[in-house]
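Written out below as C-alpha cells is the structure these notes cover.
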Amino acid sequence: MTQALTPLSLPPVPREFGFFVDGKVVPAGTRDLSERRSPAHDVPVTRIPKCTTADLDTAVAAARRAFEDRRWSGLGGAARGAVLLRAAALIRARAEEIAYFETLENGKPIAQARGEVMGCADMFDYASGLARSLHGDSFNNLGDGLFGLVTREPVGVVGLITPWNFPFLILCERVPYILASGCTLVVKPSEVTSATTLLLAEILTEAGLPDGCMNVVTGSGSSIGQALIEHMDVDMLSFTGSTAVGRRCVEAAGRSNFKKLGLELGGKNPQIVFADADLDDAADGVAFGIAFNAGQCCVSGSRLIVERSVAEAFAQRVQAKLARLRIGDPLDEATQVGAITTAAQHDIILGYIQSGQEEGARLLCGGEVLDTGEGRFITPAVFTDVTREMAIARDEVFGPVLVILPFDTLDEAIEIANDTVYGLAASVWSKNIDTALTVTRRVRAGRFWVNTTLAGGPELPLGGFRQSGWGREAGVYGVEEYTQIKSVHVEIGKRTHWGE
C-alpha cells in the first residue's frame, strides 16, 4: 500500500515509481527518469523510469515462464476468477488514490476519474465470471467412429500498449479479460500517464496473481513500444491509439512472428439528430459527446449530422449547453472539463481550429485558450458552414471540436455518416423506432447508441469497423479475443486400417 494522499491538493513532491517485473517493483536505479508535470497545474507530479529494451526482454521472459509453466493458465476458471474478484475489491478500496494520480497525470476532472475507476472494478467483477464460463464445443454427429471437440486455449504472452487519454479505463477494458483467458502479459503504458498502470500491477499481486503474469515496462513508444510490437516472443499485441500507429503495428507484426493483433484505433464519429428527437436530450448528449474528457476520446461524437429544418435552432441549444460547462482545475469537484493532456495535442487542436476558419468554416463558439494562469485548457469549439472536404470534417482532431453537417433525408444522413475512413462509433437521436433502427443497421460503426451516447458496461464489446481497428475488447468476445481454437478428433473403438 502507498502513502495516504490528501484529496484535492497537489503533492508536495512528485511521486517516484519503479517499473514492475515478475511480481516485484523494480526501482529506477541508474535509469533515467521521465518527470510528468500536471497538464492542469504545470507542476511535477510523478517520476517514471525510462526502461531499456533489455528491461523489456526481462519482462517478456518473465511472462513467458509464467505462461509455459502453467502457474496461471493451468488453474481452473474458478481460481482465476477469485483473483479477479479480489482485484475488484482492492480497486474499490484504493479508488481515491488511483483517481488522484489519474487526474494529476491526465488532467481529467477528479469526479470523472473516480467514476472511471469504479467502472473498472466492475469490469474485473464481470471478467471473473467469464473465467469460469469460457468453453468450447463438441460434435457428436461425425458417426459412431469419431467424436469431435473444439477447445479454446489462451493465446500465450500478450503485449498491451495503452494510450494517455483513458490510462486506467482502457487498461481495465483489457487486462481482466486477458487474464480470464489464461494469458500472461506485458504492458507498456503511455509515457505521460504510467502511474495508474503501475498501481494496478501492485493490486493484482496483492490479489494473488502469480508472479510474472502481469509485467509493466515504462518508457517511450518509439523505443519500448516499438520493441514490444516487434518482439519475437510475444504471441499477441493489443494496441489502442491512432490509426497511423496501428498501421505500423500491422507492418511490424508481419516482419516479426505474425503475432495476432487487436487494434482499437481512431474515429470520426457521427451524432445523427432527426427533427423528431427530444432536442433537449439530444443537445445534452451532443455537448457531452464532444466535451467529455476535453474531446480527447476516440468515440467522441465530433460530427453533428442534423436535420436541416432544426439545424440552426439545435446548434443554438448545443451552444447554450457548452456555455454552461465548468472548465478548469480538475482537482475541483465541480469541474466538468479538464486540461488538454499533452502540449503536442494542445497545439494540434488549435491548429485544426485555425485551419477550419481558413478553409471557410464559421466558428460558432469556443475554440479559445482559457486563461487560467497555468495549465492547458481549450473551450469546446463548434463549427458551422462546414463542407465534408474540410480537414475538420474528415480528420480525427482528438479534441473538443464539433462540426455541423445538415441533411434533408434519411438516406442523405446515412451517406454523410458513412463518408469516412473510420467506423468506430455512432449515435442516432429520434423518437421514431423505424428511423433509429434503419440508421443503426446501415451506418458502419462498431459501437452504436440510440438516444444516448458514450454509455455502456462491461457486458458489451468494444471495437471498430474499417480503419478504426481489428477485433473486439470486453464482454464475452473480449475473453475469446485472447484465445485460439483447437479442433480435437477422437477415434472411438478400433481404427479401420487404410487400404484394407
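From the largest down, the range 97-143 spans 63, 16, 12 angstrom on the principal axes of its Cα atoms. Taking other residues whose beta carbon is less than 13 angstrom from the beta carbon of Phe292, and scoring Lys, Arg as +1 and Asp, Glu as -1, yields 0.
Compared with the dominant principal axis of the Cα atoms in the chain, helix 110-133 is inclined by about 30°. In this simple spin-label model, placing a label point 7 Å from the Cα along the Cα-to-Cβ direction at both Leu146 and Gln354 gives a separation of 6.8 nm. Modelled label positions at Asp278 and Asp69, each set 7 Å beyond Cα in the direction of Cβ, lie 5.7 nm from each other. Using heavy atoms of the protein chains and a probe of 1.4 Å, the accessible area assigned to Leu265 is about 10 Å².
If R0 is taken as 35 Å, the Cβ-Cβ distance between Asp385 and Val43 corresponds to a FRET efficiency of 0.30. In terms of the Cα gyration tensor, with a ≥ b ≥ c the square roots of its eigenvalues, is the range 30-136 rounded because a/c is under 1.5, prolate because a/b exceeds b/c, or oblate? It comes out oblate by the Cα gyration axes.
In a fully extended conformation the segment linking Arg441 and Glu374 would gain 19.5 nm over its present Cα-Cα distance, using 0.36 nm per residue.
Output the relative contact order of the range 342-440, whole-number percent, from Cα pairs under 8 angstrom with separation of 6+ residues.
Computed over the range 342-440, the figure is 22 percent.
How large is the Kirkwood hydrodynamic radius of the chain, counting all unique pairs of alpha carbons, in Å? Computed over the chain, the radius equals 23.8 Å.
Sorting the Cα pairs of the range 253-320 by distance into bins of 5 Å, from 0 upward, gives 4, 16, 22, 18, 11, 7, 6, 5, 4, 5, 3, 0 percent per bin. Packing-based ranking of 378-390, 63-75, 107-119, 165-177 yields 165-177, 107-119, 378-390, 63-75, ordered from highest to lowest mean Cβ neighbour count within 10 Å.
Taking all Cα pairs closer than 8 Å and separated by 6 or more residues, the relative contact order of the range 218-303 comes to 26 percent.
Solvent-free Debye calculation, one equal scatterer per alpha-carbon of the range 166-213: log10 I(q)/I(0) at 0.22, 0.26 Å⁻¹ equals -0.80, -1.10. Against the chain, whose longest principal axis comes from its Cα atoms, helix 308-323 is set at around 80 degrees. With the convex hull constructed from alpha-carbon coordinates only, the range 218-274 shows a mean projected area of 5.0 nm² over all directions.
Using only the C-alpha atoms, the convex hull of the range 362-500 corresponds to 253 Å³ per residue. What net charge is computed for the residues neighbouring Gln467, neighbours being all others with C-beta under 14 Å from the C-beta of Gln467, Lys and Arg scored +1, Asp and Glu -1? Summing Lys and Arg as +1 and Asp and Glu as -1 gives +2. Helical runs assigned H by DSSP (4 residues or longer) give the chain a calculated mean residue ellipticity at 222 nm of -11500 deg cm²/dmol, each run adding -39500 (n - 2.57) before division by the residue total.
Determine which lysines satisfy two conditions relative to Lys431: a Cα distance under 28 Å, and not lying fewer than 8 residues away in the same chain. Partners within reach: Lys268, Lys321.
Only Cα pairs under 8 Å and 6+ residues apart enter the sum, and on that basis the relative contact order of the chain stands at 18 percent.
Counting 0.36 nm for each residue step from Glu251 to Val421 and taking away their Cα separation leaves a gain of 59.3 nm.
In terms of the Cα gyration tensor, with a ≥ b ≥ c the square roots of its eigenvalues, is the range 89-184 rounded because a/c is under 1.5, prolate because a/b exceeds b/c, or oblate?
Prolate is the answer for the range 89-184, as a/c is 1.5 or above and a/b outweighs b/c.
Relative to the longest principal axis of the Cα atoms of the chain, helix 343-358 runs at roughly 50 degrees. All Cα-Cα separations within the range 266-385 were binned at 5 Å from zero, giving a P(r) of 2, 11, 20, 24, 21, 13, 6, 2, 0, each value a whole percent of the pairs.
Shape analysis of the range 156-238 yields a ratio of the Cα radius of gyration to the Kirkwood radius, Rg/Rh, of 0.93.
State whether the range 121-263 is rounded, prolate or oblate according to the following rule on the C-alpha gyration tensor (a ≥ b ≥ c being the square roots of its eigenvalues): a/c under 1.5 gives rounded; otherwise a/b larger than b/c gives prolate, and the remaining case gives oblate. Oblate, because a/c is 1.5 or more while a/b does not exceed b/c.
Please work out the FRET efficiency for the pair Phe448 and Ser242, using the Cβ-Cβ distance as r and a Förster radius of 22 Å; give the result to the nearest 0.05.
Taking R0 as 22 Å, the efficiency between Phe448 and Ser242 is 0.45.
Summing charges over neighbours of Ala62, with a neighbour being any other residue whose Cβ is under 12 Å away from its Cβ, gives -3 when K and R count +1 and D and E count -1. Protection proxy ranking of 87-98, 228-239, by the mean of other Cβ atoms within 10 Å over each peptide's residues and highest first, is 228-239, 87-98. Using a 4.7 Å Cβ-Cβ cutoff, the cysteines of the chain lacking any partner cysteine are Cys51, Cys183, Cys213, Cys249, Cys297, Cys298, Cys365. Rounded to two decimals, the Cα radius of gyration of the range 184-293 over 2.2 N^0.38 Å is 1.45. Give me the one-decimal nm value for the distance between modelled label points at Glu412 and Ile485, 7 Å along each residue's Cα-to-Cβ direction. Between Glu412 and Ile485, the simple spin-label model gives 4.4 nm.
Per residue and in cubic angstrom, what volume does the convex hull of the Cα atoms of the range 10-84 have? With only Cα atoms used, the range 10-84 gives 134 Å³ per residue. Bridgeable lysines around Lys24 (alpha carbons under 26 Å apart, same-chain partners fewer than 8 residues away excluded): Lys50, Lys188.
In a fully extended conformation the segment linking Asp332 and Ala313 would gain 3.6 nm over its present Cα-Cα distance, using 0.36 nm per residue.
The values are calculated or read from the model by the stated rules, or taken from the named source; none is laboratory data. From a predicted model like this one, the values you see are computed outputs, not experimental measurements. Note that each Cβ is placed from the backbone with ideal geometry, even for glycine, and that neighbours are counted across all protein chains shown. Note: accessible area is taken over every heavy atom of the protein model, side chains too, but ligands, DNA and RNA are not part of it. Shrake-Rupley method; radii C 1.70, N 1.55, O 1.52, S 1.80 Å.
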